[in-house]
Amino acid sequence: MDRTELADFLRRRREQLTPADVGLPPGVRRRTPGLRRDEVALLAGMSTDYYTRLEQSRGPRPSTQVLAALARALRFSSDERDYLYHLCDHAPPGREFTDHHVGPGLMHLLAKLDDTAATVITDLGEVLVQNRMHTLLVGDHANRRGWDRFYAYRWFTDPEARAIFPEEDWDRLGRKHVADLRATAARRSGDADVTEFIGELRSASAEFARLWDEHEVAVRLSDTKRIQHPRVGLIDTICETLLTPNAAQRLLVYLPRPGTDAAEKLDLLRVIGTQTMADEGARRS
C-alpha cells in the first residue's frame, strides 16, 4: 500500500470539490479550497479522525468497503476509483459484474434533486445511494446489509417491505420485480452474481419461484407507486427510471402523480424532515 500517494490523491481530489458539488450547504467562509475533511468523512460514513489519518499517510489499509464509500463521496470516475483500489493493493471491482460505483454524473444529479425523492440502484435492484427525500419517503435502504439491500429480495422475504404499499397493489408490484429481473438475467446471461441472486430468491420464496416460472419479461422504466406514509398518509407517485448507458445502474425518481394531492403531501414530508433534522441538531449541540 502506497500511503504517501494515497494521501496526496485524496487531498487533491477533496480540494477540487465544492459543497455545491456534493449537495452540501456552503456554510461559513472557508480558509482553504474544497471540502473540509469532516465533510468528506460525513459523506463517506466514517469518522473524521479515520479520514484525517488517511490524508496524513498514517492510516491503516482501508477495506474495499471503505474505498467504495470514499470513491462515491469524492465523486470519482471509474478510472479514478480503480486507481484508488490499486494504491491500497486491492483489485478493483470487475466491471463485467454488477457495478457498485456511482459515478460523479449520477451523484451530481442526485444532489440537484434535493426536493425530489430519488435513489440509485443496480440492475439487480441493490440500493447504492439515496437522497434525503427518498429516505424520508420510503425509509433508509442504503445502510442495509447483505441481501436486504436488494428491493426484490426484501419484497419476497420480508413482510415489512410491502407494508408501505396498499395490499391490492402487491401482486402487480411483485410481478414487476420478477419481469424486470428476467430481462436483466437474459441481458447478463451467465454472470455469477445474477445466477446467485436468482438462486437465493428461488430458495427463499415460493411466491418468487412461481412468478419466475411464469416467464414474464419487461424492463421497468416507468411505474405508478402508491406509498402509505405513516406521517402524511397515502402518496400517489410516478416512478421514472433513467438508465446508465450500459444499463448497469438506474436512477429512480419519484414524482407526484398529476390530479392527486401527492405534491402537497411531499411538500409536507419535506418540511417534517427539515424540522426533524433541526431538532436532532439542537439535541446534539
* State which residue pairs qualify: first residue farther than 20 Å from residue 124 by Cβ and assigned by the TED database to the domain that holds residue 237 and inside segment 154-168, second residue of a type in the set (Phe, Trp, Tyr) and open to solvent by less than 40 Å² (accessible area, probe 1.4 Å) in any location, beta carbons under 9 Å apart, and separation of 6 or more residues or different chains. => none
* Restricting attention to segment 12-45, which residues are modelled with pLDDT of 85 or more and more than 25 Å from the chain's Cα centre (by Cα)? -> none
* Structure fact -> For segment 102-123, the count of residues that are open to solvent by less than 10 Å² (accessible area, probe 1.4 Å) and in a loop (DSSP other than H, G, I, E, B) equals 2
* Selected residue [in contact with a His (Cβ under 8 Å, 6 or more places away or on another chain) and either closer than 22 Å to residue 140 by Cβ or of a type outside the set (A, V, I, L, M, F, W, C) (or both)] from 164, 227 -> 164
* Asked: Just checking, how many residues over segment 64-88 are of a type in the set (Ser, Thr, Tyr) and open to solvent by 50 Å² or more (accessible area, probe 1.4 Å)?
  -> 2
* Within segment 185-200, is there a residue that is surrounded by 15 or more Cβ atoms within 10 Å (Cβ to Cβ) and of a type in the set (Ser, Thr, Tyr)? -> no
* Asked: Does residue 48 satisfy being under 20 Å from the mean Cα position of the chain (by Cα), open to solvent by 40 Å² or more (accessible area, probe 1.4 Å) and modelled with pLDDT of 85 or more?
  -> no
* Determine the pairs where a residue that is over 16 Å from residue 43 (Cα atoms) and at pLDDT 85 or above, located within segment 80-109, has a partner that is hydroxyl-bearing (Ser, Thr, Tyr) and surrounded by fewer than 17 Cβ atoms within 10 Å (Cβ to Cβ) with Cβ atoms under 6 Å apart, the partner being 6 or more residues away or on another chain. => 90/64
* To do: Output the residue which, of all residues in segment 10-22 that are of a type outside the set (Val, Ile, Thr) and surrounded by 19 or more Cβ atoms within 10 Å (Cβ to Cβ), is farthest from residue 113 (Cα to Cα).
  => 10
* To do: List every residue pair whose Cβ atoms sit under 8 Å apart, with the two residues 6 or more apart in sequence or on different chains, where the first one lies in segment 171-194 and is farther than 17 Å from residue 122 by Cβ and modelled with pLDDT of 90 or more and the second, anywhere, is in a helix (DSSP H, G or I) and open to solvent by 30 Å² or more (accessible area, probe 1.4 Å).
  => 174/207
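The values are calculated or read from the model by the stated rules, or taken from the named source; none is laboratory data. Note that the structure is predicted; figures quoted are calculated from it, not measured. All Cβ positions, even for glycine, are placed from backbone atoms using ideal geometry, and neighbour counts span all protein chains on display. Ligands, DNA and RNA are excluded from the accessible area calculation, which covers all protein heavy atoms including side chains. Shrake-Rupley method; radii C 1.70, N 1.55, O 1.52, S 1.80 Å.
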